[in-house]
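So the structure is just underneath, and the comments pick up after that.
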């Protein structure tokens, strides 16, 4: 008896190898897996992929595999796609990035990205600069050249995108260099989102100018600005009380 072909289930449709979206997704997945496997060669091959998403994933994979070099980052910084340039800033600033923290090329590349025409790249580059330079300062290193504080100050004061100004002033606070103080004080008069970050960025600083700026901020029309200023003033008062108690003579009966 001849079997009725209609009674048999149809075999699954094979994937369309000609589907560009499927191919792109597969390559991006392969790049991510290369990072988890520590497969430097596979990740490095995909750095030249025609798709920007694959290139960005491959760059992060190299960082995860501990194989990232300054040359890799420099190549990504020159990429035509903003998503790859953002990824370059992210991986360079990661605390576990396999890059010598004092490498002068890192400072040069970060400062270059602060002038990027794409605001989203500038925003990430500002964050990355604050993270990377802040760690250098904490470890006792001098500020690198070209001067990242001056570059961040330009973004804080002049960039037309408020998100970039916000990220830049936050980075100046993370670095905590005295040369940044005038810029941070100026940013306390910007729009509300930038004012909030500027007030928080005053945390590493003290002095009459800082106190005056915080006292003005407690009357700000934005409640988050007021809250940040109140918190910093309260913390300063607590520190002053602690200093006074340390100066007291425990044997003095008065």
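Would you confirm, using the coordinates I've provided, whether residue 239 is modelled with pLDDT under 95 and either under 20 Å from residue 130 (Cβ atoms) or not assigned by TED's automatic domain parsing to the domain that holds residue 118 (or both)?
No.
Limited to the range 194-223, what total is found for residues that are farther than 20 Å from residue 172 by Cα and surrounded by 14 or more Cβ atoms within 10 Å (Cβ to Cβ)?
Residues in the range 194-223 being farther than 20 Å from residue 172 by Cα and surrounded by 14 or more Cβ atoms within 10 Å (Cβ to Cβ): 4 in total.
Output the number of residues of the range 138-149 satisfying the condition of being surrounded by 14 or more Cβ atoms within 10 Å (Cβ to Cβ) and at pLDDT 90 or above.
So the answer is 3.
Only one of (1) crowded, with 20+ Cβ neighbours inside 10 Å; (2) within 20 Å of residue 92 (Cα to Cα) fails for residue 116. Which number is that?
Status for residue 116: all satisfied but (1).
What helices (runs of 4 or more DSSP H) lie completely within the range 33-80 and have 2 or more residues being out of contact with any helix residue (DSSP H, G or I) (no Cβ under 6 Å at 6 or more places or on another chain) and under 18 Å from residue 99 (Cα atoms)?
40-45, 70-77
Hey, which of the helices (runs of 4 or more DSSP H) in the range 168-222, taking only ones fully inside, have at least 1 residues that are closer than 20 Å to residue 114 by Cα?
181-187, 192-201
Can you tell me which residue in the range 96-112 is modelled with the lowest pLDDT, limited to those that are farther than 23 Å from residue 48 by Cβ and assigned to a helix (DSSP H, G or I)?
104
Quick check, is residue 167 free of Cβ contacts under 8 Å to residues at least 60 places away in the same chain and surrounded by 22 or more Cβ atoms within 10 Å (Cβ to Cβ)?
yes
Any idea which of (1) modelled with pLDDT of 90 or more; (2) buried (at least 17 other Cβ atoms within 10 Å of the Cβ) is the one residue 93 doesn't satisfy?
(1)
The values are calculated or read from the model by the stated rules, or taken from the named source; none is laboratory data. The shown structure was predicted, so the numbers you read here are calculated from the model rather than taken from an experiment. Every residue, glycine as well, gets a Cβ built from its backbone with ideal geometry; the counts of neighbours run over all protein chains shown.
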